[in-house]
Structures are given as C-alpha cells and as structure tokens.
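Everything on this sheet refers to the single structure shown next.
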Amino acid sequence: QVQLVESGGGLVQAGDSLRLSCAASGGTFSSYAMGWFRQTPGKVREFVAVISWSGGITSYLDAVKGRFTISRDNAKNTVYLQMNSLKPEDTSVYYCAASRSGVAWTEYEMNYWGEGTLVTVST
C-alpha cells in the first residue's frame, strides 16, 4: 500500500514562499507520475501541477505558472512543490497524489492520495 505524507504548509504573507514536500512509501515511487492538487472548502478539487516519473515532463495550472515549480527526488521518494510569490487566492489544502502510470495529467488518473497540508496566505 502506497502512503503519501505531505508537509511544509503553514501561514504566510502575500509575496512569501513555501516549499511543500510529499514523502512516499510502500510503492515504486520512481515509476509513478506525481501531482499536487488543492481544494478550498465549498469548491471542487483543482489541479495544480504534475510531474512524470522521470521528471522530464511537467504541467501547471495557468494561475501558478511562473510562480510554482514541481520537482522530484527519486532517491528520496519525495516530490516537492516550490511556491513563490504566494497570493491570498493560493490559500487551500494542498494534496499530493501518485499515479501508477508514469505520465498522468488529471486527478482521475491518480491512484493514491495524501491527507493534505494547509496553506494560508494572508494579505
């Protein structure tokens, strides 16, 4: 059973940076596509970024392009989301997800999910 544990969330001010981490265990991390999604109460879960098994392919939500960077360290079974120039509208619970497919683009392709970490951006 694959387990994903997110960390790095917190309360920051607009313009600040945060780096989220997601540590995976129990599976073959290096073969999985990994993604970050977010959900605000009352809203549907939203794709943020995905990265292929090798790290060679990435994709981002338009609203975070140029500010967020997804990366992975297969030796550490960890995927990261570097978030810069944070805005109040980035406030959400951020979820890490893994797909047994090496390349995946949507939440429907994800097989495993973490519990989430809260990011709050104040004005």
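The values are calculated or read from the model by the stated rules, or taken from the named source; none is laboratory data. What you see is a predicted model, and the numbers here were worked out from it, not measured in a lab. In this analysis, Cβ positions are derived from the backbone assuming ideal geometry, glycine residues included, and neighbour counts consider all displayed protein chains. Accessible surface is based on the protein model in full, side chains and every heavy atom, while ligands, DNA and RNA are left aside. Shrake-Rupley method; radii C 1.70, N 1.55, O 1.52, S 1.80 Å.
Legend: calculated FRET efficiency, Val2 to Thr123, from the Cβ-Cβ distance at R0 = 25 Å, rounded to 0.05, equals 0.10. Put a plus charge on the Cβ of each Lys and Arg, a minus charge on the Cβ of each Asp and Glu, and nothing anywhere else: the dipole of the chain about its Cα centre is then about 140 debye. Dividing the Cα radius of gyration of segment 43-86 by 2.2 N^0.38 Å, with N the residue count, gives 1.21. Relative contact order of the chain: 36 percent, from C-alpha pairs under 8 Å at least 6 residues apart in sequence.
Applying Stokes-Einstein at 25 °C and 0.890 mPa s to the Kirkwood radius of segment 60-123, computed over alpha-carbon pairs, gives a translational diffusion coefficient of 185 µm² s⁻¹. Average accessible surface for the chain: 50 Å² per residue, computed with a 1.4 Å probe over protein heavy atoms with every protein chain in place.
Set the Cα radius of gyration of segment 1-73 against 2.2 N^0.38 Å, with N its number of residues, and you get 1.18.
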